[in-house]
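For reference, the structure discussed in these notes is given below.
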């Protein structure tokens, strides 16, 4: 496949989103770019190649995309004019919402969501949720711990409406590895799914298969919520930040490594007004109303962005060139993205698959500008163009074909090989072999 650089007009970065090891950006002019790990098709370029530079996702040209959201190894986008949600990438457990578990290497519309006016989409490790403009919630994908909120623990291959929110108007949702949180228009906080670390905020370590209200001691109204892998972050109407759940790496920010089973106010930032929060696999970022960014938690790859690779259990400020103010953030599993008011995009953390967008596979522990997406970039927004005709290549892979060669032990201790490709899912491993990467 030939790739070439194409001159692009100066475009503003409207949205950024980070997955496990890939990144996506929406630029003005409805241009979508993706980069990083591509093995599962999550970049949408009709192949399984990694990209170390932001690459124009031409398959979405002309679709009037207004939002993009990364799951761990899959991606979604929404077209406001077409009223379509598109998804692509790793398809196990039905996380793409197309009624099967096949991988998709180019964006495809989710039929069950056609015609819905979508306010927000949240993607966790293996499940997704969509909030409609009317405040209703649809969920789909993996559900072994009840994270879909449907009252069952059965996976859902297509979006289903969460009936428990009947009569409620949901403002936003957030998805972790196997748990989910939501905030309603009246400021009520909900949690459901996997609760082993107190990450539901309900005072215990039990799972919930339907949304349950989180009690707050001071009756504060919540306006924002985000999930890390096993922890949750919420922000009140007064700009105060609360965290709860797993804190083995200090990701709750309270100066210790203790789990919290209910929302716990982050005193270290109590004099700040928090305007945005994001949760990574084991780290957390918070943006203040005056454009300052703070990070804490697991920092093995420098994803906290403070110049070292040491875990931090309390918030530290992330520094940017010329003291630029930050206006948007997103956490991947081991990397972080930020947009400044000067329309520059920065990234830091793990770069093994090119997810930092710097044209290399190097880790960074301080913010580094992504040249091709930034007004101050020396390359003048020269965005890589992936010239692929989706009709000429394979756009999907069935699970049986993906895991076509599966060793089977024999009584003699030798290994035989079963070859799939017959259209069923018999060869798919029972265990999720790709769940955790170090």
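Select, from 201, 151, 167, the only residue that is outside any strand (DSSP E or B), surrounded by 19 or more Cβ atoms within 10 Å (Cβ to Cβ) and in the same structural domain as residue 296 (by TED's automatic domain parsing).
201
Would you mention how many residues in region 281-306 are within 18 Å of residue 247 (Cα to Cα) and either touching a helix residue (DSSP H, G or I) at 6+ places or on another chain (Cβ under 9 Å) or part of a strand (DSSP E or B) (or both)?
8
Would region 86-96 turn up any residue that is surrounded by fewer than 23 Cβ atoms within 10 Å (Cβ to Cβ) and assigned to a loop (DSSP other than H, G, I, E, B)?
No, that holds for no residue.
Considering only region 154-164, state which residues are within 13 Å of residue 91 (Cα to Cα) and assigned to a loop (DSSP other than H, G, I, E, B).
Once the filter is applied, which keeps residues that are within 13 Å of residue 91 (Cα to Cα) and assigned to a loop (DSSP other than H, G, I, E, B), region 154-164 yields only 155.
Can we say residue 101 is touching a residue at least 12 places away in the same chain (Cβ under 8 Å) and either surrounded by 20 or more Cβ atoms within 10 Å (Cβ to Cβ) or touching a helix residue (DSSP H, G or I) at 6+ places or on another chain (Cβ under 6 Å) (or both)?
In short, yes.
Among the candidates 241, 266, 252, single out the residue that is touching a helix residue (DSSP H, G or I) at 6+ places or on another chain (Cβ under 6 Å) and in the same structural domain as residue 335 (by TED's automatic domain parsing).
Going through 241, 266, 252 in turn, just one is touching a helix residue (DSSP H, G or I) at 6+ places or on another chain (Cβ under 6 Å) and in the same structural domain as residue 335 (by TED's automatic domain parsing): 241.
I want to confirm something. Restricting to region 11-50 and keeping residues that are closer than 17 Å to residue 327 by Cβ and part of a loop (DSSP other than H, G, I, E, B), which single residue is modelled with the lowest pLDDT?
Checked region 11-50; the qualifying residue modelled with the lowest pLDDT is 11.
Within region 123-148, track down each residue that is surrounded by fewer than 20 Cβ atoms within 10 Å (Cβ to Cβ) and either touching a strand residue (DSSP E or B) at 6+ places or on another chain (Cβ under 8 Å) or in a strand (DSSP E or B) (or both).
Hits for region 123-148 are 132, 133, 135, 136.
The values are calculated or read from the model by the stated rules, or taken from the named source; none is laboratory data. Please read all numbers here as calculations on a predicted model, not as lab measurements. Quick reminder, even Gly has a Cβ in these numbers, built from the backbone with ideal geometry, and neighbours come from all protein chains shown.
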